[in-house]
Amino acid sequence: MSPMAGRARVFGDDINTDYIVTSRRKRESLDPEYLRHYLFEEIDPAFAATVAPGDLLVAGANFGCGSAMEVAVTAVLGAGIHAVLARSFSRTYYRNAVNNGLLPVVCDTSAIAEGHRLRLDGALVYNETTGESLPGEPLPAIMLAIVSAGGLVPYFRTRTDFDSVS
Amino acid sequence: MAGKTITEQILSGKSGRNAKAGDVVVCTVDSAMGTDGSVPMALDYFQAMGGTRVSDPSRLVFALDHYAPPPTRATALLHQRMRDFARDQGVALWDTGEGIGHQLMVESGRAWPGALVVGADSHAVTYGALNCFATGIGSSDLAAIMKCGRIWLRVPESIRVELTGVLPNGVYAKDIALALARELGADGAAYQAIEFTGSGLDSLELEDRLVLSNLSVEMGAKNGVFPFDARTAGWLRGRTRNSYSPVSSGADARYARHVHIALDSLVPLVALPHRVDRVTTLEDAAATPVHMVYLGTCTGGRVRDFHQALAVLHAGGGPAPGVQLVVTPASRTELETLARDGSLAEFIAMGAVIGTPGCGSCCGTCGTIPGDGVNVISTANRNFKGRMGNSHAAIYLASPAACAAAAVRGAIADPREVTP
């Protein structure tokens, strides 16, 4: 993954996928270009209008719990967000993030506040606003290969099967 | 195999490796299910991957359950696309009205002991009741399975949940699950497996185990697995054509945590809005007004659930005036049984709205949407704000009997205290 930098957009614990984008919206369209306009509409109605490409999502524990619906990842990518930092993820959100090339970083997010400037190099997070470094958990090789490829679609364009795990 | 949890053993077998908790393995999938909520995206991914033919269509099935029946043209088109694809590729499809994919998976024998079964929907954990590794995946995972028949999985650590004793009168499997949610919290089993064990299992019917496996994902679990016994064998008889080998945990298997629940000590519980782990006793929540009662879903939509609810409704003289009772059987088979044994006619006589077998109102994608300020009590598994399609409604989760008691009183009540 190439390094990235951006502004922190901060949420709390137990943000479920229906809060990220409701299944009602998913009924209307699966297009991320459409769904990004409804990101977090139930819990932060101002978010969709203020999100900018390059922003980084920051959350507490259990981010993406609930439904396994993948639009909760593709809508985030559709808004130009390329990484999510959280104290922990729900496993289905984590999978879906990896499989779509959205970098999930597990780290202690408690000291990150809305608007902080963050720099991300692999699993290492540097908070430019506070000067603090946060070690994130490195991804296992196969997940790194998938996320670095940009997700399962580009991964499988050049393969007929998963690489064997060493 | 000594030293391994049920989950480690199954994932070792399916990956051909000596898999231990923390390893990442690539496994062959025995059986996969996708719904109208996940398959349309999976078809997009599959085609974008250059996929043309599904690697083994016999292992795959589609369920039209989230939009059953389709409430909009857009969702009707999703169904058409799935039907066309399934026909062209020789993939089995459960059409609108046949029921919830998860229920049909366990009814039809597409989940069996020792198997690796996935569903592109979080409640695929339900099948763990049948002694298999069952987990929820996304649309992209399903597309990869369609392409190569395999999936990457991190082998989870396991939490051993020991159940002892027998449930008291008026306390049900749903109460065990809510007690566990209260104990572990909504992310207390994140990235982990729950392995149920103990002498308390002897008194739990297969339907009870399905409830516990189903709700394991609400604690973040990757899978919720039961050992194999005579009840498992009885359920599978005549249902699955697959030969199977039951899996039991090794004597010295390592667990991340041990939890003990004494069934005799449990009381009827309820999850308060808007979190499944915000659990209190029915007694503490008593007299909370209830306007809508929802009986159904992959948690509480089976014949046994409706019979438990009907017994309380009878004892209490039916629903209170002004309470909306919605009945949505989990499958057509369950609906047919209710029709044959007279239960359906009784629900209709009580003024219940009967929904098409499927996910119904549970996730707000079709069915009855509650109004603003409405308190719903439901046999479902999730009560997030907005879950049933209106963020201005509040959802309480409880057993079928407790939901029925609330219908009788028009307020949360203990089913044991409901009389005419």
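Read the figures in this text as sums done on the coordinates, not as results from a lab. These numbers were taken from a predicted model, which means no experiment stands behind them. Positions of Cβ are backbone-derived with ideal geometry, glycine not excepted, and every protein chain shown enters the neighbour counts.
Starting from the Cα of B:E183, step 7 Å along the direction of its Cβ; do the same at B:A339; then give the gap between the two resulting points in nm.
Using points 7 Å along Cα→Cβ, the separation is 4.1 nm.
For the residues A:I15, A:I43, what sequence is obtained by ranking on other C-beta atoms within 10 Å, fewest first? Each step should come with its number before you reach the end.
Working: A:I15 25, A:I43 16.
Placing the least packed residue first, the sequence is A:I43, A:I15.
What is the order of B:F226, B:F85, fewest Cβ neighbours within 10 Å to most?
Least to most surrounded, the residues fall as B:F85, B:F226.
Over the alpha-carbon set of chain B, divide Rg by the Kirkwood Rh and report the Rg/Rh ratio to two decimals.
Radius of gyration over Kirkwood radius for chain B works out to 0.96.
Could you size up the charge dipole of the protein assembly as shown around its Cα centre, putting +1 on the beta carbon of Lys and Arg and -1 on that of Asp and Glu, and report it in debye to the nearest 20? If you can, show how the numbers build up before the last one.
Numbers: 50 positive and 58 negative charges, 224 e Å.
Roughly 1080 debye for the protein assembly as shown.
Kirkwood Rh, Cα Rg: Rg to Rh for segment B:280-349?
0.99
Compute, for segment A:12-67, the length of the dipole vector about the Cα centre, with Cβ point charges of +1 (Lys, Arg) and -1 (Asp, Glu) only. Units Debye, rounded to 20.
Using Cβ point charges on Lys, Arg, Asp and Glu, segment A:12-67 gives about 180 debye.
Search the structure for amide H atoms under 5 Å from the amide H of A:H82, placed 1.01 Å from N in the peptide plane, and list their residues when 5 or more places away or on another chain.
It is A:G54, by chain and number.
All other residues with a Cβ under 14 Å from the Cβ of A:E132 taken together, and with Lys, Arg as +1 and Asp, Glu as -1, what is their net charge?
Result for the local shell: 0.
When chain B is treated as a GNM, springs tying every alpha-carbon pair under 10 Å, which of B:I348, B:I261, B:I151 comes out with the largest mean-square fluctuation?
Of B:I348, B:I261, B:I151, the Gaussian network model singles out B:I348 as fluctuating most.
Using θ = phi - 60° and the Karplus relation 6.51 cos²θ - 1.76 cosθ + 1.60, list the HN-Hα couplings for segment B:257-262 in order, rounded to whole Hz, with x at every Gly or Pro.
Each residue's phi maps through the Karplus curve to give 6, 10, 10, 10, 10, 8 Hz.
Of B:G301, A:L103, B:V25, which is farthest towards the positive pole of the protein assembly as shown's charge dipole, taken about the Cα centre with +1 and -1 on the beta-carbons of Lys, Arg and Asp, Glu respectively?
B:V25
When the scattering of segment B:1-88 is computed by the Debye formula from its Cα atoms alone, each counted once and equally, what is log10 I(q)/I(0) at q = 0.12, 0.19, 0.23 Å⁻¹?
Taking Cα atoms of segment B:1-88 as identical point scatterers yields -0.53, -0.89, -1.07.
With a cap of 16 neighbouring Cβ atoms within 10 Å, and only residues DSSP puts in a loop, list the trypsin sites (Lys or Arg not before Pro) found in segment B:186-251.
Sites meeting the loop and neighbour criteria: B:R237, B:R239, B:R241.
Picking from A:Y34, A:S164, A:P138, whose Cα lies most toward the positive end of the charge dipole for chain A (charges on Cβ: Lys, Arg +1; Asp, Glu -1)?
The residue sitting farthest along the positive end of the dipole is A:S164.
May I ask you to evaluate 6.51 cos²θ - 1.76 cosθ + 1.60, the Karplus curve with θ = phi - 60°, for each residue of segment B:216-231 and list the ³J(HN,Hα) values in order in whole Hz, giving x for glycine and proline?
With the stated coefficients, segment B:216-231 comes to 4, 5, 6, 9, x, 5, 6, 7, x, 10, 10, x, 8, 8, 4, 5 Hz.
Tell me what the protein assembly as shown gives for mean residue ellipticity at 222 nm when only DSSP H runs of n ≥ 4 count, each as -39,500 (n - 2.57), the sum divided by the residue total, rounded to 500 deg cm²/dmol.
After summing the helix terms and dividing by residue count, I get -8500 deg cm²/dmol.
Could you state, as a whole-number percent, how many of the C-alpha pairs of segment A:1-100 are farther apart than 20 Å?
So the portion of pairs separated by more than 20 Å is 27 percent.
With a sphere of radius 12 Å drawn around the Cβ of B:A86, what net charge do the other residues whose Cβ falls strictly inside it have (Lys, Arg +1; Asp, Glu -1)?
Surrounding charge for B:A86 is -1.
When averaged across all projection directions, what area in nm² does the alpha-carbon convex hull of the protein assembly as shown cover?
Dividing the Cα hull surface by four gives the mean projection, 24.2 nm².
So for segment B:210-268, taking the charge dipole from beta-carbon charges (+1 Lys/Arg, -1 Asp/Glu), which of B:F228, B:S216, B:T240 sits furthest toward the positive end?
Positive-most Cα among the choices belongs to B:T240.
Check B:L93: other-chain or 5+ apart residues with amide H under 5 Å from its amide H, H built from backbone geometry?
Amide H neighbours of B:L93: B:F62.
Net charge near B:D65: determine it from the other residues with C-beta under 11 Å of the C-beta of B:D65, scoring Lys and Arg +1 and Asp and Glu -1.
-4
Using alpha-carbon positions, what is the distance between the centroids of segment B:223-299 and segment B:370-420, in Å?
Result: 19 Å between the Cα centres.
If amide hydrogens are placed 1.01 Å from N in the peptide plane, which non-local residues have theirs closer than 5 Å to the one on B:S158?
Amide H neighbours of B:S158, under 5 Å, 5+ apart: B:A193, B:A256.
Which pairs break 21 Å Cα to Cα here: B:K14/B:K147; B:K14/B:K222; A:K26/B:K174; B:K20/B:K147; B:K4/B:K174?
A:K26/B:K174; B:K20/B:K147; B:K4/B:K174
Any chance you could tell me what percent of the C-alpha pair distances in segment B:270-417 go past 22 Å?
Values: 3146 of 10878 pairs.
Tail of the P(r) past 22 Å holds 29 percent of the pairs.
Most mobile of B:V91, B:V327, B:V118 per a Gaussian network model of chain B (Cα springs, under 10 Å)?
The residue that fluctuates most here is B:V91.
If you project the alpha carbons of segment B:135-281 onto the principal axes, what extent comes out on each, in Å, largest first?
On the principal axes, segment B:135-281 reaches 48, 36, 32 Å in Cα extent.
Of the trypsin sites (Lys or Arg not before Pro) in segment B:20-95, which ones lie in a loop per DSSP and count no more than 16 other C-beta atoms within 10 Å? Don't skip to the answer; put the middle values down first.
Numbers: sites: B:K20, B:R53, B:R59, B:R73, B:R81, B:R83, B:R87; in loops: B:K20, B:R53.
Counting only loop positions with at most 16 other Cβ atoms within 10 Å, the trypsin sites (Lys or Arg not before Pro) in segment B:20-95 are B:K20, B:R53.
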